[in-house]
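Nothing in this text is a laboratory measurement; each read-out follows from the coordinates by a stated rule. Computed from a predicted model, the values in this text were never measured in an experiment. Cβ atoms come from the backbone with ideal geometry, glycine included; neighbour counts cover every protein chain shown.
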Amino acid sequence: MQLKTINAYLITSVCVILLDACGPSVPKPDPDLPTDTKIQLAAYPTFSADSAFQYVAKQVAFGPRVPNTPEHARCAAFLRNELARFCDTVIVQTAPDTTYDGTRITMKNIIGVFNPQAKNRILLCAHWDTRPFADQDPNRPRERFDGANDGGSGVGVLLEMSRIMHSRKPGIGIDIVFFDAEDWGDASGKVDHSYCLGSQYWSKNPHVPGYKAMYGILLDMVGGKDALFGLEMNSVSSARELVMQLWGIAGQLGYGKHFVYAERGPITDDHVYVIHNLQIPMVDIIQYDPENRHQFADYWHTHNDNLESVAPATLKAVGETLAAHIYTEDARWKTP
Ligand SMILES: [Zn+2]
C-alpha cells in the first residue's frame, strides 16, 4: 500500500494515508446503553475458524500468488473451483494490464455470485494476489513472501463465508469478488494509481453491466494475531452507518478488542475505486497498528507475513461479525 502524509511521503505498499486529515468524527458507543438499543441479530450458521485458517494455509501452500507465475495460476484455478462448489455462478474476469514498473501481466478477478436475480445485493471483496517483493524487510527485500495475512486472510474468510452461505443460503444477492494485482504497486508514492489494478479494472468493467449493490465490505489483512481494526476514513465518509453497524455487532459478539473505535487516516485500498467508479458505499476492514510508522503490522510486506502471523481467533472475529451482519440484513429484507 502507498501511504502519504501532507508533510512527507512515507514508503509502503497499497495505501495512501493522510495522517493529519480531518475526517468525519465517529462517536464511541456508550457501553452503558440499555440492551434494547443493541442490534437484534438474526441466527446465522457457524463460521468455522479452522476452515478459514485452512483456506489461508492452502493459498500459502501454492507459494506466493504473484501474477505471471505458475503459483498464481494454480491458486486461481483453486479459487475458481472452490467458489464453484458454493456459489450459483462463477466468473473469471481476465484482462491484460501493466504494472507501474512496466511488467505486462494477465490480471484475473475471480467472482462468485449468490442469487444473481436478487435486487438487493451485498458486495464482499478481498485481494488474492501477493506483492512480488518483501520490500519492507531488510533481509531479501527483492524476494517474494508468503502473504498469509496480506491477501491470504481476506480470501480465507470469504471462502469460509461462501461455504456457510451455501449451507444456508440467504435470500439477498451476494457477490464475492477476489481482486487481482492489488499489491504490485510503487512504494515510493511517485506513481499514482499503481496499486489496486484488479479493482480499478472491475469497477470500470463490472461482471454485470450496470452493476449495483447496496454496499460493499472489503477485507484486507484480517488474520493477524491480536489485530486491531480501526475506523478508516474513506469507509466512514462513504458508509458511516455500515461502519457503526459492523463495529457494533463485533462489540456485541465480544470482539470489541479487535474492532476498536480509533480513527485512522484514509487508505487507498480496493474499496476506493469501487466507491469512486461505481458509487457503491464501502467499508474496508483492515489491520491497524498505531505503534508502527505505516500503521500496519510490523511484519507487513516482510518475510514474516507467514502462517505463524495468522491467528484463527482473529479470522473468527471477522468472519462471525460478517456472518451475523449478512444474516441480520437478510432477515431485515425479508421482513417488510
Ligand atoms: Zn500489501
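Some notes on this structure:
- For segment 228-276 and segment 75-89, distance of Cα centres in Å: 28 Å
- Per-residue ellipticity at 222 nm from helix content only, as computed over the chain with -39500 (n - 2.57) for each DSSP H run of at least four residues, stands at -10000 deg cm²/dmol.
- Relative contact order for the chain, counting Cα pairs under 8 Å that sit 6 or more residues apart, in percent: 26 percent
- Looking at segment 223-296, the trypsin sites (Lys or Arg not before Pro) that sit in a DSSP loop and have at most 16 other Cβ atoms within 10 Å of their own Cβ are Lys225, Lys257, Arg293.
- Highest average packing first - 126-133, 321-328, 76-83, Cβ atoms within 10 Å: 126-133, 321-328, 76-83
- By the compact-protein rule of thumb, 2.2 N^0.38 Å, the alpha-carbon radius of gyration of the chain corresponds to a ratio of 0.91.
- Using a Gaussian network model of the chain in which every pair of alpha carbons under 10 angstrom is joined by a spring, one finds that among Asp284, Asp180, Asp298 the greatest mean-square fluctuation is at Asp298.
- Cα gyration tensor shape of segment 182-317, rounded if a/c is under 1.5, else prolate or oblate by comparing a/b with b/c: oblate
- Sparse-neighbour loop sites [GluC sites (Glu not before Pro); segment 307-336; at most 13 other C-beta within 10 Å; DSSP]: none
- Cleavage-rule hits, trypsin sites (Lys or Arg not before Pro), segment 82-112, DSSP coil, Cβ neighbours within 10 Å at most 13: none
- Relative pair counts by distance (%), Cα atoms of segment 249-336, 10 Å bins: 13, 34, 39, 11, 2, 0
- Cβ crowding within 10 Å averaged over residues, with 51-64, 111-124 ranked highest first: 51-64, 111-124
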